[in-house]
Amino acid sequence: MKQLIQSFKTGELGLFDVPAPVCQDNGVLVQTTVSLVSAGTEKMLVDFAKKSMIAKAKDRPDLVKQVVDKMKKEGVKNTLEKVFTKLDTPIPLGYSLAGSVLEVGKNMSGVNIGDRVACGGAGYANHSEINYVPKNLMVKIPDGVDDIDASFVTVGAIALQGVRQTEPKLGERVAVMGLGLLGQLAVQLLKANGCKVIGSDVDPDKIELAKKMGADEACHAADLIKMSDDFTNGRGVDAVIIAASTASNQPVIDAAEISRMRGRVVFLGMVGMDIPRNDYYKKELDLRLSMAYGPGRYDSNYEEKGIDYPYDLVRWTEQRNFEAFLGLIEEGKISPKELITHTYDYDDAMTAYDLLEGKIQEKYLGIILEYKNQINLAEHKTVKRTDKIIGNDKVNLGLIGAGNFTKSVILPSIQKVGDYELVGVCTSTGVSAEGTGKKYDFKYLTTDSNEIFANSEINAVAITTQHNSHATLVEKALEHKKHCFVEKPLCIYEEELENIANLYGGESLLQVGFNRRFSPMVQAMKKDLSGQIAVNYRVNAGIIPKDVWIQDRELGGGRIIGEVCHFIDTCSFLIQSEVVSVYASTVNKSNQSIPDEDNVNIVLNYANGSTATIAYYAYGDSTMSKEYLEVFSNGVSMEMHDFRELIIYKNGKKSKEKSTNQDKGFINEFKAFNEAVRTGIPAISFESIYNTTKVTFKILESIKVGTLVDVK
């Protein structure tokens, strides 16, 4: 199937062959019939992507500061590699469409195959022949509404939410500044609400269109102050909706000028926001922003998991705004078709973007893409990119998951090792698969992990998905006799660990991404150790907010399972023994912005009499180094600072090793996996992997019961 994709790095834009998405439990697959090109939002994205690196940096000084801070911690080379990888990630375009349901997720009800639906949401309602859409980002289309009108659903919901923020009352006089798609829809919505409306713009055609769509008055932006005075008999408008798109601060100034005392000003468009305090203060104006489609936007529980807000507490969610907008179309109070200036066949979609970029000198407003190809899902699970021959002399890898970490760290490390043949890549979206497949020359692209396991050319699988899927995918790899590398953690529940242990027979190798043991500095420390060892590992982990997926017990497992496992493995590698008991306690804070377990002290007792303490803190200052490791053993003491400095005290002497860039062992980790597949000798024993993973669960148990817990 085809999808419209743009390179964020180069600005290259095109229709690409990608695998169809997989239908997840909380949504549906939709075959698109019509999608709307957002002349404002998409033009902004296209223009930004086409800017030079310097121009991008000037536009986002906040991100430049983050890059500089990261350079100080991780080194220039490592940081730049990650930045360029991030920029090289392709982006899907589009966020509003209509289509018909092809497949229904198992947690869905009230929707059937063949139903017509309107869908919204960046990253979901894309300009693509097939899309996966979560249940709260789609609504059924009423019989009295056709697909073309319904394709405006997202833009309509944005305009509707802006009007709701205005809280218009019957008979009030409201100004709409900017008469693009949002402004034109806002005019119609305000008229449907019984308001008197004056609109303004710099384009005479849009001014005339607003009058046609019901505006009581419409004028050039330069005449708005005088016209508003006449329109309100000198009293000022009750409310202003700023729907313009400009870097200028003038709309904000003019909005204050035309408002009555205690009027309302709502920001709907992208404008300068240098608020003139005196103008707003003297009139005691109520300044409001409108958040996209409405409540639920940017909430992963709502948009991805499908957890709705209670109807009686949150009356107008983004989905309910979708429904209300379509209802107004059905009643004849809104006429989206009147705003259409151009319609293109989807195969000619690039012409629409030539229009946006000014390559075609025509005025435009509403731009529609129509899809006429019928897609057979079964034929679009896999896309073959090349005809390269896959031999038997290398590790032939199938990759499942290609998120930011995979693209910025894992794949570059595999590439540097060499001796890997990249055969198939499976990602959750066709966009990610296409971008990753193209950059690293994978032979096949897919969105269905079963295609990776069933591929006879693949002898090893790398799993780098969200943590909750690790156990299931590892089990499938072992069942299909594929060697398996899985990024940490191995699993997020103890029952999953036992299932894997029962399934593992050693016929296929299993390695978890405990990379720190392969770091040159940790390897150097190991050489000087013997007998009983004491390890102190301090981690200045930094805050991860509660709403990030790793903090979700069902998705990420939390930070002890998802990250502390790294430090347990490093301690166990240095000590060369298994943990037999653990005691853990947390810093119990009144501030619950992050979980208590993100600030934890852990004591590990080993079978050979050694001990390790792990002090893991999230609430410290980020300018302090992240990892500090101390080791004591038989007359030897060592310090390791953030994988950039190693100090060894031995025989009364001090030696020091420094590195300009961090080396946390990623390249050596994949050298070790490659060697393990070739020789059949594991780089990390399964017993060690099992023990480390078991300890994470026992840490949580110790925190809960407040006592020492045996690891059995």
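In order along segment 496-504, the phi-based Karplus estimate (6.51 cos²θ - 1.76 cosθ + 1.60, θ = phi - 60°) of 3J(HN,Hα) comes to 5, 4, 5, 4, 5, 4, 5, 7, 6 Hz; Gly and Pro are listed as x. Over the chain, DSSP H runs of length four or greater, each weighted -39,500 (n - 2.57), average out per residue to a 222 nm ellipticity of -9500 deg cm²/dmol.
Mean sequence separation of contacting Cα pairs (under 8 Å, at least six apart), scaled by the length of the chain, corresponds to a relative contact order of 11 percent. Legend: distances between Cα atoms for 305/439; 527/654; 196/363; 384/481; 527/658; pairs beyond 20 Å are 305/439; 196/363; 384/481. With respect to the chain, whose longest principal axis is taken over its alpha-carbon atoms, helix 686-705 is tilted by about 70°.
Pairs 407/671; 476/626; 443/482; 438/482: which are spaced more than 27 Å apart, C-alpha to C-alpha?
Exceeds cut-off: 476/626.
Ranking request for peptides 376-387, 227-238: highest mean number of other beta-carbon atoms within 10 Å first, then the rest in descending order.
Going from most to least packed, we get 227-238, 376-387.
Ratio of Rg to Rh for segment 549-661: 1.01 [Cα atoms; Kirkwood radius as inverse mean 1/r over pairs]. One Cα centroid belongs to segment 467-500, the other to segment 695-711; the line between them spans 23 Å. Among 33, 427, 693, the ranking by other beta carbons within 10 Å of each residue's beta carbon, starting with the fewest, stands as 33, 693, 427.
Couplings for segment 261-269, taken from phi via the Karplus curve 6.51 cos²θ - 1.76 cosθ + 1.60 with θ = phi - 60°, read 4, 6, x, 10, 10, 10, 8, 10, x Hz in order; Gly and Pro are left as x.
Report the convex hull volume per residue for segment 515-710, counting only C-alpha atoms, in Å³. Before the final figure, lay out the partial values.
Working: hull volume 27.2 nm³, N = 196.
Taking only Cα atoms, segment 515-710 has a hull volume of 139 Å³ per residue.
Taking other C-beta atoms within 10 angstrom as a stand-in for reagent exposure, 357, 172 fall in the order 357, 172, fewest first. In degrees between 0 and 90, to the nearest 10, how far off the longest principal axis of the chain does helix 430-440 point, with axes built from Cα atoms? It works out to around 50 degrees. Debye calculation, C-alpha points only, no solvent: report log10 I(q)/I(0) for segment 379-512 at q = 0.20 Å⁻¹, in the same order as the q values. Debye curve over Cα of segment 379-512, log10 I(q)/I(0) at q = 0.20 Å⁻¹: -1.19.
Database remark: amide H of residue 115 closer than 5 angstrom to the amide H of 101 (H placed geometrically; neighbours at sequence offset of 5 or more, or on other chains; Pro and chain starts carry no H). All Cα-Cα distances of segment 155-289, cut into 10 Å bins from zero to the largest, leave 14, 51, 32, 2 percent in each bin in turn. Strictly greater than 52 Å: what percent of every Cα pair in the chain meets that? Every Cα pair in the chain considered, those over 52 Å come to 21 percent. In this Cβ point-charge picture (+1 for Lys and Arg, -1 for Asp and Glu), the chain has a dipole of about 2120 debye about its Cα centre. For the chain, the longest principal axis of the C-alpha atoms and the axis of helix 181-192 are separated by about 60°. Neighbour counting of Cβ atoms within 10 Å sorts the residues 664, 191, fewest neighbours leading, into 191, 664. Only aspartates and glutamates eight or more places from residue 169 in sequence, or on another chain, were considered; those with a Cα closer than 17 Å are 216, 238, 286. Past the 12 angstrom mark, what percentage of all C-alpha to C-alpha distances in segment 246-287 do you count? Looking at segment 246-287, the distances longer than 12 Å represent 53 percent of pairs.
With the cut-off at 17 Å, report for segment 263-393 the share of all Cα pairs above it, as a whole percent. The partial results should precede the final answer.
Details: 6794 of 8515 pairs.
Roughly 80 percent, rounded to a whole number.
Based on the Kirkwood approach, the hydrodynamic radius assigned to segment 433-514 is 13.3 Å, with every pair of different Cα atoms included. Stokes-Einstein diffusion for segment 79-183, with the hydrodynamic radius set to the Kirkwood value over Cα pairs and evaluated at 20 °C in a medium of 1.002 mPa s, equals 131 µm²/s. When you count the other C-beta atoms within 10 angstrom of each residue and take the mean per peptide, 499-507, 551-559 line up highest first as 551-559, 499-507.
The numbers here are math on the coordinates, done by the rules we state, and not lab data. Predicted, not measured: the structure shown is a model, and the values here were computed from it. We place every Cβ from the backbone using ideal geometry, glycine too, and count neighbours over all the protein chains shown.
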